[in-house]
Amino acid sequence: MKLDWRQSILYIAVLGMEGCWLYVLLSLLNTKAAGGHLAVPGVLLLYPVAFIFNWLLRRLRWPRACLWSVSWLAWAVSMLLMIKVQVFGHLPLSDPAWLLSIPQSITQVIYTFRPELLILLSTGVLWWLGQRLARLRLNFSALVSEFQFGLPILVFIFLIAPPLEVTLDNTVLITLTFFLFALLGISVAHALEGTSWLSGLNQGHWGGLLLFSISLILILGLLVSVVITPELLQFVVEAARWVCGLIAKAIAFIISLFPEPEPPSIGPLPGESVPPPPEEPDWAELLRMPEAVRSGLRIGWTVMVVGFLLFALWRVSSEIFRWLRRRLAGMSGAEFETLPGAFTTDLLNLLKRILQKLLKLRLPGLGTRAKHVLPEIDSVRQIYRRLLSWAAAGGFPRHSSQTPHEYYYALAGVLPEAQDDLGLITQQYIRTRYGMWLPTEDELDQLRHSWRRLRQNHLKNRRQI
Amino acid sequence: MREAAKKDVSQQIKEAAGKLVGNVSKVIVGKKEAIELVLVALLCEGHVLIEDVPGIGKTMLAKAVAKSLDCRFRRIQSTPDLLPSDVTGIHYFNQKTSGFEFRPGPIMANVVLVDEINRATPRTQSCMLEAMQEQQVTVDLETMPLPRPFLVIATQNPIELEGTFPLPEAQLDRFLLRVSLGYPSEDEEGTILSRFQQENPLDSLTSVLEAAELLELQKLCHQVYVEESVRKYVTAITRATRGHDGIRLGASPRASLGLYLASQALAAIRGRNYVMPDDVKYLAAPVLAHRLISKTEARLKGRSLEAIVGEVVSGVPVPVEEQP
């Protein structure tokens, strides 16, 4: 199988996976918001169209703003066509009523949700997804992420459909199709990276082994679908509700333990005699706390209780994972990889990113003191940052463990004609960044010229030499 | 700025390094990288362990380096019956003067070649610990400083295990670098034959660097600039070895210091007055690999320590601009 074919399979797999959960989501929205008037497969068809259109568009070496404008212009045309065909098929094309219905649907959104608005929103999302897929570099981790992202959405929609009184058709078929595309994509991506057993001695039987494995898993999936019936799922949902209710009761009980804030005292009515205040012993005076202290304690207590609950949840989930790992370890021929600390690392990375975003907002009290960097040095570093961004957009991002020199050799292999400019920018950056070297005005001019020349090149569709 | 002020420093070291590498290359064909690494150790006042199969030129390299320096050179041929006093020296009774006199051992030299170090017993190996780390020896409660510069070049053969004593971790940690020469290429092997046809080029080798010059260069090396993020990169690499799944014993703080100093020396040899992450990456395996102890699973899977260091390095982010 040729490399291009494998890449095509990856694109088809992602289209398929996303198509499955998009179909279910659109079906749900169609039933609830559009009264089932729309033909969901027709709307969904826009997704592959958007992908192919944007993919072809990116092959044209146009400026980015131009590409963006043409792409979204095409979306507007397709969206209008979709509304005309799906909702106003009976009206002639020259009738402006169907065109006017779109702004009307937007202005009336607080009163009613009309099918035109659903088409407007869904086609926008589909077009964006197609655009994103066209510029996405598909590899093993991207496919796994697609699977990890798609599966919870699919499960979530399946779970919320019964409470919303929506009957989804072909759920088993959709689930199996989702898994088919996921397994296909993940296994092909794994084999493409050369780490799979399919890329070893068994390379000759690549297609056969892949088909056999996928068929076996799908048959098992079908068997599972026979066992897991809607009644069973309903039971699981009921059980989950019961557990949630129990937790809610527990929380309500904990809240009831806090003393209610005292109502503001109203003065005595005219003519009413004021009852003498009850005499309190001296020790009660000592125990009385100011309101500020009480509020602080209340917050502390709540934080502690929530912390305990989270800790309990974490313990339960980690025990479940441990049990699963033990079960897997006991299975003959099964291989599993533990990722100790992966969750903590992911969580810390997430928090770090949030903090970085907040710091960028320069909120009062959160802002950091900017490092004093000379303008000449800053210019060189800025140009290198742009180079990184430009190369990453072209599909050649820098690996975090690559040094500027290593990255230069990687890029020079892709763009041999721009080797000199790349070399100059890299060299200037290295000297500035690590050697605290101050460039002269002439050198800065030369650097800017190199950058301008370099950015004229297109990295897209280039291959490593 | 900084560059202009330090231009002479890096150029001075580069010139001296060029002379030394050129001189050693008269004897050792190819292997410029190995010679450069030995030079790095020389400039950091570190010690080198040359480990490879027999007949590769380990001893020849050590002798050529020693002869290129106008320093006092001594050789210790390690055998199982070698005693610590044979290395450090002894106090003997002089009947003429009716008093005890100290006869210095071969360790009292500027360049000491310890051949086949793993053939010496652990007791004898251990007597070199003080000398290698503190540049002094203690004999009969008397501490004597060693001449400066002081460099130990040890060789060992990793294949033969019979009659050998593996070096303890404390000893290995005292070597700044472990260097492997590897087999020469076909052309290089041909050049060796023609070069050694008439006479041994080692015999006609002359010194190109004096001890005082070397000491001066060692001092200059410390002036090579290390940017803060590069310094953090050095510590990040050594710290990453301590948590790696294939490593039982990670690198020590001495290893961090060694990597830091070696990077400075390498940058200077290559004519730069600042250290780049490439220098650190290049030196990570020679500086760290011999100090680590891999886990049994890793050894059974055939993962070499150099490969594990490579994995560690590829997992540590290099300090470069963040992508906007």
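Taking the criterion of being surrounded by fewer than 22 Cβ atoms within 10 Å (Cβ to Cβ) and within 13 Å of A:Trp127 (Cα to Cα), the only residue of region A:1-21 that qualifies is A:Leu15.
So that you can scan it fast, the table gives a plain yes or no per residue for (1) touching a residue at least 24 places away in the same chain (Cβ under 8 Å); (2) of a type in the set (S, T, N, Q); (3) outside any strand (DSSP E or B):
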position	(1), (2), (3)
B:Thr143	no, yes, no
B:Arg148	yes, no, yes
B:Ile153	yes, no, no
B:Ile159	yes, no, yes
B:Thr164	yes, yes, yes
B:Leu167	yes, no, yes
B:Leu172	yes, no, yes
B:Arg178	yes, no, no
B:Tyr183	yes, no, yes
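I'd like to check something: does region A:77-95 contain any residue that is among the polar types (S, T, N, Q), more than 30 Å from A:Ile153 (Cα to Cα) and in the same structural domain as A:Pro162 (by TED's automatic domain parsing)? Checking region A:77-95: at least one residue is among the polar types (S, T, N, Q), more than 30 Å from A:Ile153 (Cα to Cα) and in the same structural domain as A:Pro162 (by TED's automatic domain parsing).
Residue-level check: of (1) among the hydroxyl-bearing types (Ser, Thr, Tyr); (2) modelled with pLDDT under 80; (3) not assigned by TED's automatic domain parsing to the domain that holds A:Leu159, A:Ser215 misses just (2).
For region A:163-201, a residue qualifies if it is at pLDDT below 80, out of contact with any Ser or Thr (no Cβ under 9 Å at 6 or more places or on another chain) and part of a helix (DSSP H, G or I), and the qualifying residues are A:Trp197, A:Ser199, A:Leu201.
On inspection, A:Val77 qualifies as farther than 26 Å from A:Val144 by Cα, of a type in the set (Val, Ile, Thr) and out of contact with any strand residue (DSSP E or B) (no Cβ under 8 Å at 6 or more places or on another chain).
Scanning region A:286-321 for residues that are of a type in the set (D, E, K, R) and in a helix (DSSP H, G or I) gives A:Glu291, A:Arg294, A:Arg298, A:Arg315, A:Glu319.
When you scan region A:26-39, do you find a residue that is without any contact (Cβ under 8 Å) to a residue 12 or more places away in the chain and outside any helix (DSSP H, G or I), even just one? Checking region A:26-39: at least one residue is without any contact (Cβ under 8 Å) to a residue 12 or more places away in the chain and outside any helix (DSSP H, G or I). Within the set of pairs 6 or more residues apart or between chains, which connect a residue that is farther than 18 Å from A:Thr167 by Cβ inside region A:222-243 to a residue that is assigned to a helix (DSSP H, G or I) with Cβ atoms less than 8 Å apart? Close Cβ pairs satisfying both conditions: A:Leu222/A:Val172; A:Leu222/A:Leu176.
Within region A:392-406, the residues that satisfy the criterion of being in a helix (DSSP H, G or I) and at the interface with chain B (Cβ under 9 Å from one of its Cβ atoms) are A:Ala392, A:Pro404, A:His405, A:Glu406. Are any residues in region B:79-122 free of Cβ contacts under 8 Å to residues at least 40 places away in the same chain, of a type outside the set (S, T, N, Q), loosely packed, with under 15 Cβ neighbours inside 10 Å and outside any loop (DSSP other than H, G, I, E, B), and if so, which ones? Scanning region B:79-122 gives B:Tyr92, B:Phe93, B:Gly99, B:Phe100, B:Glu101, B:Arg103. The single condition among (1) within 14 Å of chain A (Cβ to nearest Cβ); (2) closer than 25 Å to B:Gln223 by Cβ that B:Glu321 does not meet is (2).
Condition check ((1) in contact with a Lys or Arg (Cβ under 7 Å, 6 or more places away or on another chain); (2) modelled with pLDDT under 90; (3) away from chain A (no Cβ under 14 Å)) across all residues:
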position: B:Gln264; (1), (2), (3): no, no, no
position: B:Met276; (1), (2), (3): no, no, no
position: B:Lys295; (1), (2), (3): yes, yes, yes
position: B:Gly302; (1), (2), (3): no, yes, yes
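Go over the candidates B:Val280, B:Val309, B:Val287, B:Val313 one by one and state the one that is crowded, with 24+ Cβ neighbours inside 10 Å and within 11 Å of chain A (Cβ to nearest Cβ). Step by step, each of B:Val280, B:Val309, B:Val287, B:Val313 is checked, and only B:Val280 is crowded, with 24+ Cβ neighbours inside 10 Å and within 11 Å of chain A (Cβ to nearest Cβ).
What is the residue count in region B:237-294 for residues that are free of Cβ contacts under 8 Å to residues at least 40 places away in the same chain and outside any helix (DSSP H, G or I)? The qualifying residues number 1.
Filtered by the rule that a residue be part of a helix (DSSP H, G or I), farther than 21 Å from A:Leu10 by Cα and modelled with pLDDT under 90, region A:123-162 gives A:Val155, A:Phe156, A:Ile157, A:Phe158, A:Leu159, A:Ile160. For region A:415-439, taking the residues that are farther than 11 Å from A:Val380 by Cα and within 14 Å of chain B (Cβ to nearest Cβ), the one that is surrounded by the most Cβ atoms within 10 Å (Cβ to Cβ) is identified as A:Tyr434.
The single residue among B:Leu83, B:Leu20 that is closer than 17 Å to B:Leu205 by Cα and aliphatic (A, V, I, L, M) turns out to be B:Leu20.
Just one of (1) out of contact with any Leu (no Cβ under 8 Å at 6 or more places or on another chain); (2) under 30 Å from A:Arg59 (Cα atoms) fails for A:Ser401. It is (2). Restricting region B:203-234 to residues that are buried (at least 17 other Cβ atoms within 10 Å of the Cβ), of a type outside the set (S, T, N, Q) and more than 14 Å from chain A (Cβ to nearest Cβ), which is nearest to B:Ile28 (Cα to Cα)? This residue is B:Leu205.
Each residue in region B:123-141 was checked for being without any contact (Cβ under 8 Å) to a residue 24 or more places away in the chain and touching a Pro at 6+ places or on another chain (Cβ under 6 Å), and 1 of them qualify.
The values are calculated or read from the model by the stated rules, or taken from the named source; none is laboratory data. Just so we're clear, the structure is a prediction, and the values are computed from it rather than from any experiment. We place every Cβ from the backbone using ideal geometry, glycine too, and count neighbours over all the protein chains shown.
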